[in-house]
Amino acid sequence: MANNSNNDIPKTCKAGVVVNEGPDFKLAVEDVPVPEPGPDDVLIKLNATGICYSDIHYMLNDLPIPPMSTFGVKSPGHEGAGVVVKIGSNVKNWKVGDRAGIKPAYDACFNCELCWTGKETYCDDSPQIGLQYPGSYQQYLLSPARYTQRIPEGVDDFSAGPIMCSGSTIYCSLKESGLKPGDWAVFPGAGGGVGHMGVQLAKAMGMRVVGVDGGDDKKDLCMKLGCEAFVDFTKVKDVAEEVVKICDGKGAHGVFVTATSAAAYSSAPMMCRIGGRIMCVGLPPAGTAFAGADPLLMVGKNLHVIGTKVGSLYDTTKALEFAARGQLKPIYEVFPLAKMPEAVDKLRSGKVAGRLVVDFDS
């Protein structure tokens, strides 16, 4: 079955479209044309998309990058899951009906050192979907066949969507941290979309996990997902001191900053033991936070500051394997397509434990 009968594919589809890009943006659900795959593309019909705070950054236009409108893109989104409904004339490795996912990086050149060493998300030719190409807020969208993510059996679309970004991103950070089983891993922002997956993955990798976040809802979630201890920043005066106390009185081997606040970044070095790693994951608005500390502290504690971006094709595959084995279960709240604008507003207000996912079929 090389091609789909075009009768099944509509001419238009629903999409969450940004209106008035910038600080006063709104999201509206509109009809947009269904794209036609080029020779090397697949056309995917999404069943679900996660809503990520990076989407909000793109719509707010508060990162030091060109806005979506520069590229003529109106729909953000980069964590979709669905099925292939049409394939380009050159595509041999996909067939109609295969389950497929969309991740933050749209493609890569596969012809440079970064691509050859599994760092293809840093490649100069690795554009972002939902910024430079229409993203997963649009139900039917294109993806280069060579960079489309396969979704294994046993992982449903509502779980697979958020793993494409959050799960893959934090898997990559855990891998690059070099932490070993039995090491202390601390997650500021542990109850958030990225953090709550990090807690599960770190536990599955044999680490001892401490969650840092605010409120009883987040505490309950974190303890249920495998934290050994939880520090509530709304109740504890010196969060770093409490973290050090929990981690043998010496501090964490790794602090995975998934929160986006200046406070989360400034307290991370204080949470670390000698030789500790500060893993930078959360993206604060440009110029609002600083990663690291006074050089005297950095030297005195042999601290490492490591930034990691979204996961590679390999990282995403690995994160999905944890999910297929039941060791990674994204916590999510489902919104019907018509309520996508409400989901975006809810995430923007910061009142979300876990992840918000939009169901295109409801």
Indicate the gyration tensor shape class of the range 167-307 (rounded, prolate or oblate), computed on the Cα atoms with a ≥ b ≥ c the square roots of the eigenvalues: a/c under 1.5 is rounded; otherwise a/b larger than b/c is prolate and the rest oblate.
rounded
Answer in debye to the nearest 20: the dipole magnitude of the chain about its Cα centre, from +1 Lys/Arg and -1 Asp/Glu charges placed on Cβ, is 700 debye
Place a +1 charge on the Cβ of each Lys and Arg in the range 167-307 and a -1 charge on the Cβ of each Asp and Glu, then give the dipole magnitude about the Cα centre in debye, rounded to the nearest 20.
300 debye
Length added when fully stretched, Asp345-Leu297, from 0.36 nm per residue minus Cα-Cα:
13.3 nm
Figure the gain on full extension for Asn61 and Asp248 (residue separation times 0.36 nm, minus the Cα-Cα span) and round it to one decimal in nm.
63.1 nm
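Can you give the local net charge around Lys45? Use residues other than it whose beta-carbon is closer than 12 angstrom to its beta-carbon, Lys and Arg +1, Asp and Glu -1.
Spelling it out: positives minus negatives among the neighbours equals -1.
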Please give me, ordered by residue number, the chymotrypsin sites (Phe, Trp or Tyr not before Pro) of the range 280-362 that lie in loop per DSSP and have at most 14 other Cβ atoms within 10 Å.
Phe290
So, in Å, what gap is there between the alpha-carbon centers of the range 60-78 and the range 167-227?
30 Å
Place a point 7 Å from Cα of Ser362 in the direction of its Cβ. Which residues in the range 293-328 have their backbone N less than 12 Å from it?
none
Any trypsin sites (Lys or Arg not before Pro) in the range 145-237 that lie in a DSSP loop and have at most 13 other Cβ atoms within 10 Å would be Lys235, Lys237
According to the square roots a ≥ b ≥ c of the eigenvalues of the Cα gyration tensor, what is the shape class of the range 1-122, taking rounded for a/c under 1.5, prolate for a/b larger than b/c otherwise, and oblate for the remainder?
oblate
Among Ser168, Ala229, Val243, whose Cα projects farthest towards the positive end of the dipole of the range 167-307, with charges put on the beta-carbon of Lys, Arg (+1) and Asp, Glu (-1)?
Ser168
Hits among aspartates and glutamates - C-alpha to C-alpha of Lys309 under 13 Å, sequence gap 8 or more where chains match
Glu120, Glu176
Could you work out the helix-only [θ] at 222 nm for the chain, with each DSSP H run of four or more residues adding -39,500 (n - 2.57) and the total divided by the number of residues, to the nearest 500 deg cm²/dmol?
-7000 deg cm²/dmol
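If the chain between Lys92 and Tyr314 were fully stretched, how many nm would it gain, using 0.36 nm times the residue separation less the Cα-Cα distance? Spell out each step's value before the answer.
Working: separation 222, 0.36 × 222 = 79.92 nm, distance 2.04 nm.
Gain on stretching Lys92 to Tyr314: 77.9 nm.
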Taking every other residue with Cβ under 14 Å from the Cβ of Glu120 and scoring Lys and Arg +1, Asp and Glu -1, one gets -1
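How high is the relative contact order of the chain, given as a whole-number percent (alpha carbon pairs under 8 Å, six or more residues apart)?
18 percent
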By count of other Cβ within 10 Å, fewest leading, how are Trp184, Trp116, Trp94 ordered?
Trp116, Trp94, Trp184
Quick one: net charge of Ala338's neighbours, Cβ under 14 Å, K/R +1, D/E -1?
-4
Taking amide H positions as placed in the peptide plane 1.01 Å from N, state which residues far from Arg355 in sequence (5 or more) or on other chains have amide H under 5 Å from it.
Ile331, Tyr332, Glu333
Below 8 Å between Cα atoms, with a sequence gap of 6+, how large is the relative contact order for the range 187-343 in percent?
19 percent
Comparing Gly206, Gly282, Gly191, which has the greatest mean-square fluctuation in the GNM of the chain with Cα pairs linked when under 10 Å apart?
Gly206
Grab the beta carbon distance between His304 and Ser69, set R0 = 45 Å, and tell me the FRET efficiency rounded to 0.05.
0.75
Surpassing 23 Å at the alpha-carbon level, of the pairs Lys92/Lys175; Lys92/Lys119; Lys175/Lys203; Lys224/Lys329; Lys45/Lys175, are Lys92/Lys175; Lys92/Lys119; Lys45/Lys175
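Values in this text are rule-based calculations from the coordinates and carry no lab data. What you see is a predicted model; the values in this text were computed from it and never measured. Positions of Cβ are generated from backbone atoms using ideal geometry, with glycine treated the same way; all protein chains shown enter the neighbour counts.
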